[in-house]
Amino acid sequence: MSQTLFISDLHLDHKRPHIIAAFCRFLQDISDTDALYILGDLFEYWIGDDDPAIGLQPVIDALRKLSLAGTPIYFIHGNRDFLVGKSFAKATRCKLLAEETIIDLYGTPTLIMHGDTLCTDDIAYQKYRAKARNKWIQKFILLLSVKQRLKLAEKLRNKSISATQDKHPEIMDVNQHAVEQVMLTHNVEYLIHGHTHRPAIHDLIINGSARQRIVLGDWYDQGSVLRCTPKGINLETLQT
Ligand code: LP5
Ligand code: MN
């Protein structure tokens, strides 16, 4: 069967072992897949490849196994796992992609991304993001000990939890102008992203042409998977 799969926002964490198990089962079941794209926030947080990352070794093993069996796996960083690096890529045999990547999806030009950059109304987040994604700041953070980084991550998570409670939900969704701009810039028919945890397929008309924005959902209560074949696309929900 010719199919390409997209997932994001699994937020894998040793505190949710059943989701880790469900994801490993999913990876075992998709050996007949042309490519698997992970569009960010695979992990609840990732503080660097040198962290032993409790409970996550089965995920690394299962990704590696799928890749060795012939399915290419691609990874775009999310706002929780932007510190995933070359050692992780080597261990899992995933290919790390640029934050905006264009692919040819069975003939349809498609832009894939995590989706956080589309939330341009969330000014506090975008300011924080500029710092967190700065290469020099990241180099400095990676010089800290694992223990120090864990503390920093916990502080950031707490700040984020209280900040998001005070933000209007609209602010944390994509900005329509940002969507149109990025789709026009890359001249694509499909935009596939996650981050907002609002799974949907949005039909759009931009500059007179029909396009679609496909939003993946998270894996908190069930799994969200976009299955694409030469015949079309289907946004599915997996029971976990
Ligand atoms: O993740 P989610 O969906 O709950 O919220 C996001 C935005 N929050 C974040 C922060 C992450 O949750 C933190 C994860 C830690 C990763 C580990 C990294 C290891 C340490 C390295 C440190 C750089 O991404 C949230 C958005 C929301 O999505 C919706 O889009 O609103 O944004 C915020 O809440 C940000 C606040 O508005 C501002 C926070 C100010 C923090 C100031 C600290 C500055 C220090 C910078 C150092 C790099
Ligand atoms: Mn995200």
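The values are calculated or read from the model by the stated rules, or taken from the named source; none is laboratory data. Since the model is a prediction, treat every value here as computed from it, not as a measurement. Here the Cβ positions follow ideal geometry from the backbone for every residue, glycine too, while neighbour counts run over all protein chains shown. Accessible surface areas use protein heavy atoms only, side chains included; no ligands, DNA or RNA. Shrake-Rupley method; radii C 1.70, N 1.55, O 1.52, S 1.80 Å.
Scan the stretch 93-133 for residues that are charged (D, E, K, R), within 13 Å of ligand 1 (Cβ to nearest atom) and over 13 Å from the mean Cα position of the chain (by Cα) and the total you get is 6. Taking the stretch 74-102 as the range and being without any contact (Cβ under 8 Å) to a residue 60 or more places away in the chain and within 15 Å of ASN187 (Cα to Cα) as the test, only THR101 passes.
Of the residues in the stretch 213-231, at least one is in contact (Cβ under 8 Å) with a residue 24 or more places away in the chain, of a type in the set (A, V, I, L, M, F, W, C) and in contact with a Lys or Arg (Cβ under 6 Å, 6 or more places away or on another chain). Evaluating ASP81 against the criteria (1) out of contact with any Leu (no Cβ under 8 Å at 6 or more places or on another chain); (2) within 16 Å of ligand 2 (Cβ to nearest atom) leaves one unmet condition, (1). Counting only residues that are open to solvent by less than 60 Å² (accessible area, probe 1.4 Å) and either outside any helix (DSSP H, G or I) or among the basic types (Lys, Arg) (or both), the stretch 121-156 holds 7 of them. Every listed requirement among (1) part of a helix (DSSP H, G or I); (2) free of Cβ contacts under 8 Å to residues at least 60 places away in the same chain; (3) surrounded by 15 or more Cβ atoms within 10 Å (Cβ to Cβ); (4) touching a Ser or Thr at 6+ places or on another chain (Cβ under 9 Å) is met by GLU180 save one, (4).
Does ILE161 satisfy being in a helix (DSSP H, G or I), open to solvent by 70 Å² or more (accessible area, probe 1.4 Å) and either within 16 Å of ligand 2 (Cβ to nearest atom) or modelled with pLDDT of 95 or more (or both)? In short, yes. Among the residues of the stretch 208-217, is there at least one that is part of a loop (DSSP other than H, G, I, E, B), away from ligand 2 (no atom under 16 Å from the Cβ) and not small (Gly, Ala, Ser)? No, the stretch 208-217 contains no residue that is part of a loop (DSSP other than H, G, I, E, B), away from ligand 2 (no atom under 16 Å from the Cβ) and not small (Gly, Ala, Ser). Scanning the stretch 223-240 for residues that are surrounded by fewer than 15 Cβ atoms within 10 Å (Cβ to Cβ) and at pLDDT 95 or above gives THR229, PRO230, LYS231, GLY232, ASN234, GLU236, THR237.
Restricting attention to the stretch 87-115, the residues that are touching a Phe, Trp or Tyr at 6+ places or on another chain (Cβ under 9 Å) and of a type in the set (Gly, Ala, Ser) add up to 1.
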